[in-house]
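Worksheet: the structure to be examined is printed underneath.
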Amino acid sequence: MNDTNERSCASRGSVAKCHACGAGCVEGYDAEGVLVRVPARSRWIAATERLPARSGDYLVFLDDYQQSVIVMNGCLDDGDWYWSDDWDRAKYVTHWMPLPAPPTDSK
């Protein structure tokens, strides 16, 4: 794929096969215009599309007056999903994604 096609495709946030790892990636450009590939498993998932399959901590987007991104604990209990939050923000969760892997370097 030439640079022009790649830039055009990536600017739309398309899912493409990453040449480096062979995984499905979402491509886009950062603030400096550098092409960034993020594993598709790291994309935002609409809460109306599906909820996590397991209890645990997740990165969530809150569509409240601040439009915040926070870590929130989710709980699956007898087939019912609950976002656990002491501040009553769970009603504002519109999207979620798994937490990224921790850093592997010691710096």
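What follows draws every value from the coordinates through simple rules; no lab data is involved. Computed from a predicted model, the values in this text were never measured in an experiment. As a convention, Cβ positions derive from the backbone with ideal geometry for all residues, glycine included, and neighbour counts pool all protein chains shown.
When the residues of segment 76-107 are filtered to those that are without any contact (Cβ under 8 Å) to a residue 12 or more places away in the chain and basic (K, R), which remaining residue is farthest from Q66 (Cα to Cα)?
Only one residue fits best here, namely K107.
Scan segment 67-76 for residues that are of a type in the set (V, I, T) and surrounded by 12 or more Cβ atoms within 10 Å (Cβ to Cβ) and report the count.
Count: 2.
What residue, among those in segment 77-104 that are among the small types (G, A, S) and touching a strand residue (DSSP E or B) at 6+ places or on another chain (Cβ under 8 Å), is surrounded by the most Cβ atoms within 10 Å (Cβ to Cβ)?
Among those that are among the small types (G, A, S) and touching a strand residue (DSSP E or B) at 6+ places or on another chain (Cβ under 8 Å), it is A90.
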